[in-house]
Amino acid sequence: MFRRKAAVVVEDKYTGEKLAELPLETREELRRKIEAAFKARKRWKLSLEEKVEVVQSLSRGLRKRREEVMELMMREAGQPRKYAEFEYKQAVALALAYRSMLEIISEKKVPAVSGSTLLVREPFNLAGIMTARNGPLIMPFFTLTSALGAGVASVLKPPNAAPLTARLVVEELKSSLGEKAELVQFTTASGEDAAWEFVENPLVDVLVVFSSSHIGKDNVIKMGEYLKRQRRKFGGFPLITGKLKKYVPQMGGNDALIVLPSADVDKAVEAAVVGGFANAGQICISPRRFLVHGAVYEEFKEKLVEEVERLKVGDPRDPETDIGPIGSGRVLEIVKHQLRDAERRGAIICGGVISPPFVYPTLVEFSKETVMESEEKPLLWAEESFAPIRTLVRYESTKEAVELANDAAYGLRASIYGDPQEALRIARELDVGMVVINENPLYGDVFMPWGGIKDSGLYGAIYLVEEFTYRKAIHVGG
Amino acid sequence: MRLEEYFSKHPEIFNGLERGAVINYTIGERKFHIVVGDDIQVVEGVSREADLEVKLSEAAERKLVETPPEEYPKVFGELFLSPEGDAWVEIELVKPMEELLSKGYGEWAKRAGVM
């Protein structure tokens, strides 16, 4: 009798309907894909023109299947159409700017005391890539095309809760690559198996992971455990044979939006709503803590509550919907806990309702004493809220604003509204990888590097395409 | 009506692009380019100085020339983002992005909903 193979069941996050059932791949199957990608990497090398043509062809393929792509994003990830459109356009814009993006890794001459020194970027061989459910299109698109541009073969592991858009991207990319299709692989192995395989397989050089900070840190534990197992004693000295990997974690955030007394309050409110509540708050760079100067606090709060109460919750496929479902039962549990804590502190000023799969848009108000001085910090202040729940705190001085903004385990991005000169001064004081001033907090383009510090990332803002390469210095004597 | 004629009638479509901006167009076998100056010059053949290469199908051309000029960027953007059957637009950036942004293409692309 045959044992039935375990399956990955993908559901519509709004209706619960089964969308697809994919085989759950084993580590052995994943290993074979890694080997196939590695062989392809050794066999094929794409010229710049080929890379650009492949990505244009991928873009054409996706544009021809736009509705199918959108449908998948709305159903498997629960993204409201409005936000799915935004993500779709980001991918298309990235393809348009692709040639320019690759200039980031072009060679450069640097000063030399004698002769000349050239810095070049060389590709690693193979990258393991793990993406998250909140970027079903842009994460696979951006990472795979960056890896391809760098000259690296890749194996993509999307989240098994929402792998279908990523699968479509890989399908189109493979079709664009033609006979070189093996350079890109897709796996439905479990997250745990994929992480272990990427950590332990010596063919993998780079591990790029989009995840919560907890999962991001768990991979570091895996790397440590793996190396520990490879430790031998040789004449009293440690001998460790396991391979070190380049690790690029892109993790969570608990971003501040600072509203200065000089801010255009209407624009700041718009930024808070668009940035804070898009995709039901399930975006790593979403501002989660609104810090507002006392001079404009009441006006900001009143207008914000009015706008937030107007947000429409419901079917993500309805073009009018602003807030779709939360795509994870585990997140709903965490949110319940966070809201209960906020209720206990009497701080909810609008929303506060959970009706699975929805969390209604919620604003929670804390005093600066509560968040800065209490022994037990409110959960919604201390943790990343991956739902449409945002906190509001009043401050009275720039120093306080900076202290409040930096009072976070995370350091991804911050947004500032108000006088640009003052905002620039504040920007330099913030412990984050990115700052956006008087702009949509979700702003991004291919030339703006991305990433954070602390529990958000290891390197601050980075160009992903560079991370798939290593720098080589070539000196020629004069 | 051909697109060349439509552009001559509605030069405001290119408002926001800096002087010296050049775009090559290919529609089937026809090739022409536009040059932004005090007004819009439509010139037969391709330019070696082009910032962008735009290719479009005849069905897309028919749709565009029937579009009110104020809606042209949006319809153009939609044909690129979401080709409908025979109606499609392809764009290739020839010059570096920095140069294109300095010539006003970024704002135009925003109006077209492409960026």
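Laid out as a table, the results:
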{"item": "Pick from segment A:411-433, criterion in contact with an Asp or Glu (Cβ under 9 Å, 6 or more places away or on another chain) and closer than 30 Å to A:S154 by Cβ, ranking: most open to solvent (accessible area, probe 1.4 Å)", "result": "A:V432"}
{"item": "Residues of segment B:81-92 that turn out to be at the interface with chain A (Cβ under 7 Å from one of its Cβ atoms) and open to solvent by less than 10 Å² (accessible area, probe 1.4 Å), as a count", "result": "1"}
{"item": "First in segment B:37-55 and under 17 Å from B:I27 (Cα atoms), second anywhere and of a type in the set (S, T, Y), Cβ under 6 Å, 6 or more apart", "result": "B:V42/B:S8; B:V54/B:Y25; B:K55/B:T26"}
{"item": "Filter result for A:P140 (closer than 24 Å to A:M251 by Cα, touching a Gly at 6+ places or on another chain (Cβ under 6 Å) and open to solvent by less than 10 Å² (accessible area, probe 1.4 Å))", "result": "no"}
{"item": "Elements of type strands (runs of 3 or more DSSP E) contained in segment A:34-143, each with 2 or more residues being farther than 30 Å from A:A189 by Cβ", "result": "A:108-110, A:116-123"}
{"item": "Residue that is nearest to the chain's Cα centre (by Cα) [pool: residues in segment B:93-115 that are at the interface with chain A (Cβ under 7 Å from one of its Cβ atoms) and not in a loop (DSSP other than H, G, I, E, B)]", "result": "B:L93"}
{"item": "Enumeration of residues in segment A:436-478 that are outside any loop (DSSP other than H, G, I, E, B), surrounded by fewer than 15 Cβ atoms within 10 Å (Cβ to Cβ) and touching a Ser or Thr at 6+ places or on another chain (Cβ under 8 Å)", "result": "A:A473, A:I474, A:H475, A:V476"}
{"item": "Scope segment A:204-223; condition under 11 Å from the mean Cα position of the chain (by Cα) and open to solvent by 10 Å² or more (accessible area, probe 1.4 Å); matching residues", "result": "A:F210, A:S211, A:S212"}
{"item": "Qualifying residue in segment A:248-264 (condition: within 29 Å of A:K13 (Cβ to Cβ), charged (D, E, K, R), in contact (Cβ under 8 Å) with a residue 24 or more places away in the chain and in contact with a helix residue (DSSP H, G or I) (Cβ under 8 Å, 6 or more places away or on another chain))", "result": "no"}
{"item": "Qualifying positions in segment A:347-397 - of a type outside the set (F, W, Y) and farther than 22 Å from A:A408 by Cα", "result": "A:I349, A:C350, A:G351, A:G352, A:V353, A:I354, A:S355, A:P356, A:P357, A:V359, A:P361"}
{"item": "Residue count, segment A:42-69 (criterion: in contact with a Gly (Cβ under 8 Å, 6 or more places away or on another chain) and over 13 Å from A:F141 (Cβ atoms))", "result": "3"}
{"item": "All positions within segment A:29-60 that are away from chain B (no Cβ under 11 Å) and open to solvent by less than 10 Å² (accessible area, probe 1.4 Å)", "result": "A:L30, A:I34, A:A37, A:A40, A:V55, A:L58"}
{"item": "Test: A:I426 is assigned to a helix (DSSP H, G or I) and either of a type outside the set (A, V, I, L, M) or modelled with pLDDT of 95 or more (or both)", "result": "yes"}
{"item": "Of residues in segment A:76-109 being more than 10 Å from chain B (Cβ to nearest Cβ), more than 23 Å from A:K174 (Cβ to Cβ) and of a type in the set (D, E, K, R), the one most open to solvent (accessible area, probe 1.4 Å)", "result": "A:K109"}
{"item": "Qualifying residue in segment A:382-389 (condition: within 23 Å of the chain's Cα centre (by Cα), assigned to a strand (DSSP E or B) and β-branched (V, I, T))", "result": "yes"}
{"item": "Boolean, A:L24 is open to solvent by 30 Å² or more (accessible area, probe 1.4 Å), within 23 Å of A:T187 (Cα to Cα) and either in contact with a helix residue (DSSP H, G or I) (Cβ under 6 Å, 6 or more places away or on another chain) or in the same structural domain as A:S328 (by TED's automatic domain parsing) (or both)", "result": "no"}
{"item": "Qualifying positions in segment A:63-74 - touching a helix residue (DSSP H, G or I) at 6+ places or on another chain (Cβ under 8 Å) and more than 9 Å from chain B (Cβ to nearest Cβ)", "result": "A:R65, A:E68, A:V69, A:M70, A:L72, A:M73, A:M74"}
{"item": "Among (1) on the phi < 0 side of the Ramachandran plot; (2) in contact (Cβ under 8 Å) with a residue 60 or more places away in the chain - the single one A:V436 does not satisfy", "result": "(2)"}
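Here is a yes/no grid of residues against (1) in contact with a Leu (Cβ under 8 Å, 6 or more places away or on another chain); (2) in a strand (DSSP E or B); (3) surrounded by fewer than 21 Cβ atoms within 10 Å (Cβ to Cβ):
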site	(1), (2), (3)
A:I258	yes, yes, no
A:P261	no, no, yes
A:V269	yes, no, no
A:I283	yes, no, no
A:F290	yes, yes, no
A:V308	yes, no, no
A:D315	no, no, yes
A:D318	no, no, yes
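The values are calculated or read from the model by the stated rules, or taken from the named source; none is laboratory data. Nothing here was measured: the structure is a model prediction, and the numbers come from that model. For neighbour counting, all protein chains shown are included, and Cβ atoms are generated from backbone atoms with ideal geometry for every residue, glycine included. Note: accessible area is taken over every heavy atom of the protein model, side chains too, but ligands, DNA and RNA are not part of it. Shrake-Rupley method; radii C 1.70, N 1.55, O 1.52, S 1.80 Å.
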